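One structure is given here, and the rest of the page talks about it.
None of the figures in this text is laboratory data; all of them are computed from the coordinates on show. All values derive from a computational prediction rather than experimental measurement. Positions of Cβ are generated from backbone atoms using ideal geometry, with glycine treated the same way; all protein chains shown enter the neighbour counts.
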Amino acid sequence: MELISPLTGLRRDGRREDEIRDIKCHFGVAKDADGSVLFEQGNTKILATVFGPSDAGENDDDDGDLDLLEDPSGLECEFKLSAFSQQDRRTGQGDDPRADEYSEYMEMCYKVVMFPHKNENSVVKVTCQVLQADGSHLAAALTAGTLALIDAGIQIKDLIVGCTTTIIDGKALVDISSHEELQRLPQVTVGVIARSGEIIVMDMKNRFHKDLLNPILAASLAGSGKIFEEVEAIVREHVKNSAPNFTT
Amino acid sequence: MDVMDTTDADEVPKRRTQQICIPGDVAFNLTNQSMKTVSLGPGVRKVQSDIMATRVGVMQYRPPATFFLSTTGDSYSPATGDDVIGVVVKRKGHEVSEQTYVVDLGRNTGRQTGILPILAFKGATKRYRPNLKKGDLIYGRIRRTTPDGPVRLTCTSNTNQSFWGPLRRTGALYRASLPFARRCLTDGSPEHDMIQQVGVRVPFETAIGVNGRIWLYTGMEKSQNLLYSLFRDAEAAKGDGDVIRKATVRVVQEIASMSDDIPLEDNTQYWVTRVV
């Protein structure tokens, strides 16, 4: 089936090219974590948890020179795709190679907006686990992780938001679902600081012609902007509802 | 509480306004103000002439030049000068004069501990000092927080005030949220008034730690339980003054009219000589 219906001009889920999916957030779902959020973008559901800042532990002196190579940023990120998240259960012989890559992307993003810790030997752990995979996993993870950091009260400079875009017949589709992901079309995921439009991370899938880059990128930024608007409104609402619990 | 939704940079207001901020929000723009030095509290940073939020909360301004963010965050972050209630975990060290108690200050994850020298109590000497066991409570002040060392506590003070020190074991420890504990310490808040009102009719002791721990002691079993439940109801009221007032009146009545209260037996001797 085609991605865009020739009859209605709509996508398979009824959206237009530039429309994003419904976003819902439930904060504080994981009671044991310092910060957590169940982030839903359409049918993609991600549980993001933040632990920290906590003691990073002693440096293993047996490493020798490798201590210098260790990143002192105090941030550890993990992206996990649950075995039950997709249509077929992934028993997974090993780790999904993309998981490591996505984890690195998350680290790159959050490092930019986080402040160096007051304590030298402390670490913040951000984990994004995809519970239900319906496309735009990295993008949703980037957004979810930011929200979890906010829930944990960790100081950040600004919000990071992710968006995955694809392009077909010259039309850029924003916030793609898994059906649209599996089409082997050009895909670009961006992690941006939405307010300034600054792109921190950009991931490309499936080779495509460079002429397509600008339209895809422009659509990504526009899509990120919309996602940020939604997320911003949700966060402000959440704060307002917790307002009685502030000090006067 | 008057909560405004403005997200544009405002001029510094003459009166207090409450502005919801998310990280990256510019709450105030100071180009038109003549503030030479600006005092920044938690959750806020200054980017050129903008006051920007780094967390989620309500931006506060206190004249002449103080800005900070009120947050619901329930994770205590030790800061110098904070009065906290700690739970003794163990005792470290060999030389008596260098020994310290490792004290838990409470955190969601990753236990936050501080160290308290065993002689850092008012009037303590090598031979005569508190002998604290695991689980004992102390009320102390955070003396120092350094990036590469443990948090240092003390129970001594330069003034003659002697309320720092171990807290009676028979008291009750109420675990509160940070905002609730802060409100109890804020003049004029319903929670603060509640404490004052109870004190008019009921003799009791309380220690409020900004790390979210409140210790209560009346010395009598039933009244202590009632007092504990009053604090629990007050926190559940989430700042609603009417609810708190009604609960206070009810509890005070009940305690004052009680005739069959059982005294709590407290045989613990904290201060001992010649401790092994």
Using only Cα atoms, what is the ratio of the radius of gyration of the stretch B:173-256 to 2.2 N^0.38 Å?
-> 0.96
Alpha-carbon spread of the protein assembly as shown, three principal axes, descending order, Å = 86, 59, 53
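Please give the charge dipole size of chain B, origin at the Cα centre, charges +1 on K and R Cβ atoms and -1 on D and E Cβ atoms. Round to the nearest 20 debye.
Details: 37 positive and 29 negative charges, 249 e Å.
It works out to roughly 1200 debye.
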Run the numbers on the stretch B:35-132 and let me know its relative contact order in percent, using alpha-carbon pairs under 8 Å that are six or more apart.
-> 16
Rounded to a whole number, the mean other protein chain Cβ count within 10 angstrom for residues of A:144-155 is 4
Classified through the alpha carbon gyration tensor (a ≥ b ≥ c as square roots of its eigenvalues; rounded if a/c is under 1.5, else prolate when a/b is larger than b/c, else oblate), the stretch B:119-276 comes out oblate
With 20 Å as the limit, write out which pairs from A:K80/A:K125; A:K24/A:K45; A:K80/A:K240; A:K171/A:K210 have Cα-Cα distances beyond it, or answer none.
-> A:K80/A:K240
Within 10 Å of each Cβ of B:48-55, how many other protein chain Cβ atoms are there on average?
-> 3
Which whole-angstrom value gives the distance between the alpha carbon centres of the stretch B:200-268 and the stretch B:54-94?
-> 25
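How many percent of DSSP beta bridges within the stretch B:83-167 run antiparallel, rounded to 5? Walk me through the numbers on the way to the answer.
Values: 21 of 24 bridges.
Among the beta bridges of the stretch B:83-167, antiparallel pairing accounts for roughly 90 percent.
Determine the relative contact order of the stretch B:97-152: mean sequence separation of Cα pairs under 8 Å and six or more apart, normalised by residue count, in whole percent.
Numbers: 59 pairs, mean separation 15.6, N = 56.
Taking the mean separation of contacting Cα pairs over the length of the stretch B:97-152, I get 28 percent.
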Size of charge dipole - the stretch B:173-256 - debye, nearest 20, with Cβ of Lys, Arg +1 and Asp, Glu -1, no other charges | 140
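Listing A:I167, B:I208 from the residue with the fewest other Cβ atoms within 10 Å to the one with the most, what is the order?
Arranged by neighbour count, lowest to highest, A:I167, B:I208 become A:I167, B:I208.
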Projected onto the charge dipole of the protein assembly as shown (+1 at Lys/Arg Cβ, -1 at Asp/Glu Cβ, origin at the Cα centre), which of B:S157, B:T273, A:H137 gives the Cα projection farthest towards the positive end?
-> B:T273
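Quote the charge dipole size of chain A about the Cα centre in Debye, to the nearest 20; the model charges only the Cβ of Lys and Arg (+1) and of Asp and Glu (-1). Present the calculation step by step, with values, prior to reporting the outcome.
Details: 25 positive and 43 negative charges, 305 e Å.
Here chain A has a charge dipole of around 1460 debye.
Net charge near B:G241: determine it from the other residues with C-beta under 10 Å of the C-beta of B:G241, scoring Lys and Arg +1 and Asp and Glu -1.
Working: positive: B:R245, B:K246; negative: B:E191, B:D193, B:D240, B:D242.
Cβ neighbours under 10 Å give a net charge of -2.
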Among the DSSP H helices of chain B, those whose Cα atoms extend at least 15 Å along the helix axis and whose mean Kyte-Doolittle hydropathy is 0.0 or higher are B:241-256
Lysine pair number, Cα distance threshold 29 Å (strictly under), chain B, separation 8 or more or different chains | 20
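From the square roots a ≥ b ≥ c of the eigenvalues of the alpha-carbon gyration tensor of the stretch A:68-221, which class results: rounded (a/c under 1.5), prolate (a/b over b/c), or oblate?
On the way: a/c = 2.06, a/b = 1.37, b/c = 1.50.
It is oblate, given that a/c is not under 1.5 and a/b is not larger than b/c.
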Among B:G114, B:P130, B:G140, the residue whose Cα sits farthest towards the positive end of the charge dipole of the stretch B:83-167, when +1 is placed on the Cβ of each Lys and Arg and -1 on the Cβ of each Asp and Glu, is B:P130
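Can you sort A:I46, B:I22, A:I234 from fewest to most other Cβ atoms within 10 Å of each residue's own Cβ?
Values: A:I46 30, B:I22 21, A:I234 17.
By the 10 Å Cβ count, ascending: A:I234, B:I22, A:I46.
Taking square-rooted eigenvalues a ≥ b ≥ c of the alpha carbon gyration tensor, is chain B rounded, prolate or oblate, where a/c under 1.5 means rounded and, failing that, a/b exceeding b/c means prolate? Don't skip to the answer; put the middle values down first.
Details: a/c = 2.62, a/b = 1.35, b/c = 1.94.
Cα axes put chain B in the oblate bin.
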Sorted by Cβ density within 10 Å, fewest first, the residues B:R129, B:R45 = B:R45, B:R129
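Show that you can apply the helix-only estimate: for chain B, add -39,500 (n - 2.57) for every DSSP H stretch of four or more residues, divide by all residues, and state [θ] at 222 nm to the nearest 500. Present the calculation step by step, with values, prior to reporting the outcome.
Numbers: 4 runs with 52 residues, N = 276.
Rounded to the nearest 500, the figure is -6000 deg cm²/dmol.
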Out of B:Y139, B:Y174, B:Y61, a Gaussian network model of chain B with alpha-carbon springs under 10 Å gives the largest mean-square fluctuation to B:Y61
